[in-house]
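The structure appears below as structure tokens.
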Amino acid sequence: MAVLQMQRISVCALKNDRKEILDFLQRQGIIEIQDRIPEDSVFTKTDASSSEMLLEKSANEAKSALDIIETYLPEKKSMLSMFEGRKVVSVQEYDTFSKKVDDVAHIIKRLVSLGKDIAESKAESLRFELQNEALIPWSGLDIPLSFEGTNYTSAFIGTLPNSWNLEEIYKELYEFTPVNVDIISESREQTCVFIVCEKSKESQMSDKLKSIGFSYPAVSCEVAPSEQIKLYEKKIEYYKEAVINNIAEIRSLADKREDIKLFFDYQTMRVEKYNVIGRLLQSDHVFILTGYIPAKCVQTVETFLNDYNAAVEITDTTEEDDVPVLLSNNAFNAPLEGVIESYSLPGKGEIDPTSISAIFYYIFFGAMLSEAAYGIMIALGCGILLLKYKNMEDSMKKFLTMFMFGGISTIIWGFLYGGFFGDLIKVVSTTFFGTTVTLKPIWLDPIANPMTVLVLSMALGIIHLYVGLAANLYQCIKRKDYKSAVYDVIFWYVILTACIILGLSSKMIVDMLGISFILPKTAGKIAGYFIIASAIGIVLTSGRESRNPGKRLLKGLYGLYNITGYLSDVLSYSRLLALGLATGVICNVVNQIGSMFGGGAVGAILFIIVFIAGNALNIGINTLGAYVHSNRLTYVELFGKFYEGGGRKFDPYSAKTNYYKIKEN
């Protein structure tokens with residue numbers, strides 16, 4: 001309905017009451033607190049950044065603890081849990097929890113420590129498993145890999161690339177005879193060998209082995225590989241056992257999950273509070289708080305602060321103030337607030353476009369989906385969710401309510417067009433019962449009368465554009481800019497209306513659109529005079545901000561050229577026909593495909609399968625299309641006529657929690 005009136009509020013209270021006052025204001029979430037620069041040496045700002053950082057660290061630890069519990073004991077949630085919203089706690093429960101914060105913090109630290117121990121144990125276990133895997137090819141060697149020989153011999157323990165046999169190796173090393181070669185293990189990728197030669201030939205042997213691809217093992221050990229493998233296996237077992245024990249302890253602490261969630265929200269709220277404390281002006285005994293508050297909430301704050309002997313000053317905002325925007329609408333319009341915010345909130349002097357957008361939005365959504373059965377499914381589904389989950393978040397509630405109203409509109413359009421899963425009733429009755437029963441449209445069949453629906457779509461578009469111009473006219477009058485009201489709105493009303501009259505007096509256009517009536521030629525001639533007069537007015541006034549006559553004329557001509565924009569805007573509404581036809585045609589195609597299998601039991605089963613799959617895809621795609629294109633017609637065609645936006649969203653000091661919301665008594 002409107003943008004809520006904002007007022008400036010200043011509160012001066014005793015420092016001893018600061019906690020109670022800030023806690024109350026945080027729970028209420030009705031004041032956007034602003035920074036204020038100290039004007040003297042009496043009032044200063046407190047540096048609360050260190051406390052804020054400690055609290056953030058504590059909150060992050062709580063989040064890590066929740067993630068750890070979720071990893072090893074996932075919380076069981078239903079598919080519809082997203083609609084449940086945050087749990088509610090009373091102020092008394094919240095205050096009572098503050099007494100057990102230290103105990104919960106200890107549990108959190110233990111969980112974080114257990115998570116860290118598990119990660120380290122898994123890393124160590126993996127490290128030893130990799131080393132163990134590297135030693136397995138050497139398990140047949142009964143001496144350490146670090147063995148280099150005796151006083152008279154040199155030993156080479158390593159690998160040769162690919163597969164080798166003893167004959168091939170001896171053939172390569174014949175010049176170093178006497179030499180001993182043992183193959184420890186062999187695979188297609190490598191051959192593990194143990195080679196012994198005379199000490200005097202160590203250097204030449206090393207060079208020769210390098211030339212045929214010899215390399216030393218990636219691991220080393222001071223005992224025989226088989227013994228080292230046993231040691232590694234014991235360590236692996238030790239770390240795996242540690243992981244199992246730690247996971248068991250984590251699961252034993254999982255019953256503290258809700259306390260940890262509340263702890264996270266508790267610390268998050270304290271972070272926000274200390275952020276505010278750092279922005280307040282304070283002396284030794286008092287503090288000053290300033291900000292913006294909705295006018296309707298002033299009484300609530302004043303009543304509460306009376307108990308604390310606080311001084312409260314309420315003043316109206318000025319043009320220089322950067323006033324935040326908060327929308328307030330009734331149950332029918334409020335669901336569209338999210339759509340408006342996605343575009344931009346109203347700027348200074350602009351009206352709230354929610355109520356103007358809502359009725360058209362629902363009409364367009366229904367016209368583009370236009371299937372009564374789909375509308376029933378959407379409206380009923382959203383309605384049941386809204387009734388069942390009373391505690392869902394406001395944003396989700398508005399989203400579902402918007403689709404529920406869109407579903408109701410779809411039901412109306414569906415019966416007007418005679419669409420109930422397309423021609424399902426006719427196909428089923430003909431295929432399976434040998435008779436023909438049809439659901440006749442209350443108004444017309446869009447597939448048989450596309451031109452009529454096209455004319456209706458463009459008529460709705462013209463009304464939509466006219467409403468946008470009317471909103472612009474209202475804003476001009478509200479700010480007493482009467483010249484703009486005439487030049488930027490009235491002239492366009494006249495020229496657009498005259499163009500419509502001229503078109504309706506032309507037999508060619510009337511026949512092309514399939515309209516059953518035609519206006520007299522005289523009406524067309526009079527409309528022509530109005531078009532010329534309005535066009536001249538637009539050319540002379542569109543560039544009025546320019547002092548240079550040449551620039552003014554060029555801008556005026558460009559302004560008149562914008563009439564092509566109005567034409568394209570009107571044509572854009574043909575999407576109401578296109579998407580409406582698409583939904584119905586796809587339904588009919590699905591029905592026809594399903595009926596191809598005949599009318600027996602097998603045919604019925606296959607028909608049901610095709611029907612469910614086809615309509616699931618159709619409702620998903622076309623509901624998304626109706627949503628997207630309803631937004632597009634609102635953002636481009638409607639807002640382009642009067643709305644710029646640019647407002648700053650009201651961001652109150654509030655309890656920005658994740659899991660719980662505090663309910664006042």
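The values are calculated or read from the model by the stated rules, or taken from the named source; none is laboratory data. Just so it is clear, the structure is predicted and the values come from calculations on it, not from any experiment. Counting neighbours? That spans all protein chains shown, and the Cβs are built from the backbone with ideal geometry, glycine included. When the accessible area is computed, the model is the full protein with side chains, heavy atoms only, and any ligands, DNA or RNA have been set aside. Shrake-Rupley method; radii C 1.70, N 1.55, O 1.52, S 1.80 Å.
Multiply the residue separation of Thr317 and Ser283 by 0.36 nm, subtract the distance between their alpha-carbon atoms, and state the gained length in nm to one decimal. Before the final figure, lay out each step's value.
Values: separation 34, 0.36 × 34 = 12.24 nm, distance 2.66 nm.
In short, 9.6 nm is gained.
Of Arg27, Arg552, the order by accessible heavy-atom surface (1.4 Å probe, DNA, RNA and ligands excluded), from most exposed downward, is Arg552, Arg27. With the charge dipole of segment 541-665 set up from +1 on Lys and Arg Cβ and -1 on Asp and Glu Cβ about the Cα centre, the Cα lying farthest toward the positive end among the listed residues Asn588, Ser630, Leu577 is that of Ser630.
Here the ratio of the Cα radius of gyration of segment 396-501 to 2.2 N^0.38 Å is 1.67. Quick one: check the C-alpha center-to-center distance for segment 136-206 versus segment 459-511, whole angstrom. So the two Cα centres are separated by 97 Å. Summed over qualifying helices (DSSP H, 4 residues or more, each -39500 (n - 2.57)) and divided by its residue number, the chain shows a 222 nm mean residue ellipticity of -18500 deg cm²/dmol. When every alpha-carbon pair in segment 1-90 is counted, what percent end up more than 16 Å apart? Result: 79 percent of Cα pairs exceed 16 Å.
With only Lys, Arg, Asp and Glu charged, each at its Cβ (+1 for the first two, -1 for the last two), find how big the charge dipole of segment 404-498 is about the Cα centre; round to the nearest 20 debye. Numbers along the way, then the final one.
Working: 6 positive and 4 negative charges, 69 e Å.
Rounded to the nearest 20 debye, it is 340 debye.
Label-to-label distance for Glu241 and Ser574 is 7.9 nm, based on points extended 7 Å past Cα in the beta-carbon direction. Please compute P(r) over all alpha-carbon pairs of segment 57-149, binned at 5 Å starting from zero, and give each bin as a whole-number percent. Once binned at 5 Å, the Cα pair distances of segment 57-149 give 3, 9, 11, 13, 14, 11, 8, 6, 6, 6, 5, 3, 3, 2, 1, 0.
Which value, in debye to the nearest 20, gives the size of the charge dipole of segment 459-614 about its Cα centre, when Lys and Arg are +1 and Asp and Glu are -1 at the Cβ? Display every interim value, and only then the final one.
On the way: 13 positive and 5 negative charges, 170 e Å.
For segment 459-614, the charge dipole is close to 820 debye.
What full-extension length gain, to one decimal in nm, is calculated for Leu126 and Ser226 as 0.36 nm per residue of separation minus the Cα-Cα distance?
Details: separation 100, 0.36 × 100 = 36.00 nm, distance 1.89 nm.
Taking 0.36 nm per residue and subtracting the Cα distance, the gain is 34.1 nm.
When Glu320, Glu637 are compared by accessible surface with a 1.4 Å probe, the order from highest to lowest is Glu320, Glu637. Taking all protein chains as shown and a probe of 1.4 angstrom, Thr430 keeps an accessible surface of around 70 Å².
Using DSSP to call loops (not H, G, I, E or B), can you name the trypsin sites (Lys or Arg not before Pro) in segment 422-503 whose Cβ has at most 13 other Cβ atoms within 10 angstrom?
Arg479, Lys480
For segment 420-440 versus segment 1-80, the spacing of their alpha-carbon centroids is 61 Å. Sparse packing (at most 15 other Cβ atoms within 10 Å of the Cβ) combined with a DSSP loop state is found for none of the chymotrypsin sites (Phe, Trp or Tyr not before Pro) in segment 56-123.
Computed from point charges on the beta carbon alone (+1 for Lys and Arg, -1 for Asp and Glu), the dipole magnitude for the chain about its Cα centre is near 3300 Debye. Loop-located GluC sites (Glu not before Pro) across segment 53-154 with a Cβ neighbour count of 12 or fewer within 10 Å are Glu75, Glu148, with loop assigned by DSSP. The calculated P(r) of the chain, using every Cα pair and 10 Å bins from 0, goes 3, 10, 13, 13, 13, 13, 11, 9, 7, 4, 2, 0, 0 in percent. Taking each of Lys19/Lys87; Lys273/Lys398; Lys15/Lys296; Lys100/Lys390; Lys87/Lys398 in turn, the alpha-carbon distance tops 22 angstrom for Lys19/Lys87; Lys273/Lys398; Lys15/Lys296; Lys100/Lys390.
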